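The values are calculated or read from the model by the stated rules, or taken from the named source; none is laboratory data. Keep in mind that what you see is a predicted model, and the values were worked out from it rather than measured. For neighbour counting, all protein chains shown are included, and Cβ atoms are generated from backbone atoms with ideal geometry for every residue, glycine included. The protein model used for the area step is the full one, side chains on, heavy atoms only, and it has no ligands, DNA or RNA in it. Shrake-Rupley method; radii C 1.70, N 1.55, O 1.52, S 1.80 Å.
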Amino acid sequence: MFCGHGTDNAWDEAVQLVLFAAGLPADAPARAGEHPLSEAETGRIARLLARRITERLPLPYLTGEAWFAGLRFVCDRRALVPRSPLAELVLSEFRPWFAGAGNGRVSVLDLCCGGGAIGIAAAVHLPGARVVLSDVDADALALAASNVAQHGVGDRVRAVQGDLFDGLAGERFDIILCNPPYVDAADLASMPAEFGYEPPIGLGAGADGLDLARRILDAAAAHLNPDGLLLLEVGNSWTALEAAFPRVAFTWVELESGGHGVLAMQAAELRESARYLAYTTP
């Protein structure tokens, strides 16, 4: 059994499962361990455990909820379980990479948004933010719409369906947040069974994991304001990205909460490196 969809160890996952089955909040205090369980709650725990162990379903798909940036999201198999280290940057108001996010209105694009957790978290934690969620998958956008409604941010968050920047012609943003598919073919073939329940369109990105990252780096500058910022997550494929673009000086974000492979590039840097980042159709 693999833990990696919101927790990194069996104990924390078991705690989440029991609290959910007992109808207790995920942030319940330690004394919640004294909560007496009814026969119905005990049975619910047993059923969830059996499915988690035998079917290897990720816990958030069993419970229908996931936590990201301190917020609860509706979670099902229409999109990946939210787990991006970009949460840390949302909570820090993107400092020091973008100084003005918390000081007024800021425009944010959550590209490849899936269930919308990253962009919606930005809208919740930055009350002045206006956010666009973009994804190619209509099912993922339907899930994102449920999360927009749950968090009551529909007046500041809208969704666009399209392949990367399709449907965003002429639009520019202060910040582009992007957690695209970035798993290379070798890693995809060896992933634990739990990942098999997530939509394949959200994971694999070609032999080196960079099929989408190449296109994003080429097109992002045209959709950023002059002082804008791209935050692009490529995970384990960061070494392949360095090798693919040896003449580009990438800046990798140091993450205190864990995770790796998050790239920060200012709009000016993207423009200066445009000739090296130009995308050619294979």
> (1) more than 22 Å from GLY259 (Cα to Cα); (2) assigned to a helix (DSSP H, G or I): which one isn't true of ARG56, the others all being true?
Replying inline: (2)
>> Test of understanding: among GLU254, GLU269, which residue is part of a loop (DSSP other than H, G, I, E, B), charged (D, E, K, R) and more than 21 Å from GLY204 (Cβ to Cβ)?
In response: GLU254
>> Given (1) in a helix (DSSP H, G or I); (2) touching a residue at least 40 places away in the same chain (Cβ under 8 Å), identify the lone condition not met by LEU109.
In response: (1)
> Going by the conditions given, is ILE176 within 27 Å of GLU55 (Cβ to Cβ) and β-branched (Val, Ile, Thr)?
Replying inline: no
>> Checking GLN150 against (1) in contact (Cβ under 8 Å) with a residue 60 or more places away in the chain; (2) open to solvent by 20 Å² or more (accessible area, probe 1.4 Å); (3) under 26 Å from ASP211 (Cα atoms), only one condition comes out false. Which one?
In response: (3)
>> Residues that are crowded, with 18+ Cβ neighbours inside 10 Å, in contact with a Ser or Thr (Cβ under 8 Å, 6 or more places away or on another chain) and touching a residue at least 60 places away in the same chain (Cβ under 8 Å): does the range 79-87 have at least one?
In response: yes
> Which residue, of LEU164, LEU177, LEU231, is aliphatic (A, V, I, L, M), assigned to a loop (DSSP other than H, G, I, E, B) and crowded, with 18+ Cβ neighbours inside 10 Å?
Replying inline: LEU164
>> I'd like the full set of residues that are open to solvent by less than 70 Å² (accessible area, probe 1.4 Å) and out of contact with any Phe, Trp or Tyr (no Cβ under 9 Å at 6 or more places or on another chain), limited to the range 46-59.
In response: ALA46, ALA50, ARG52
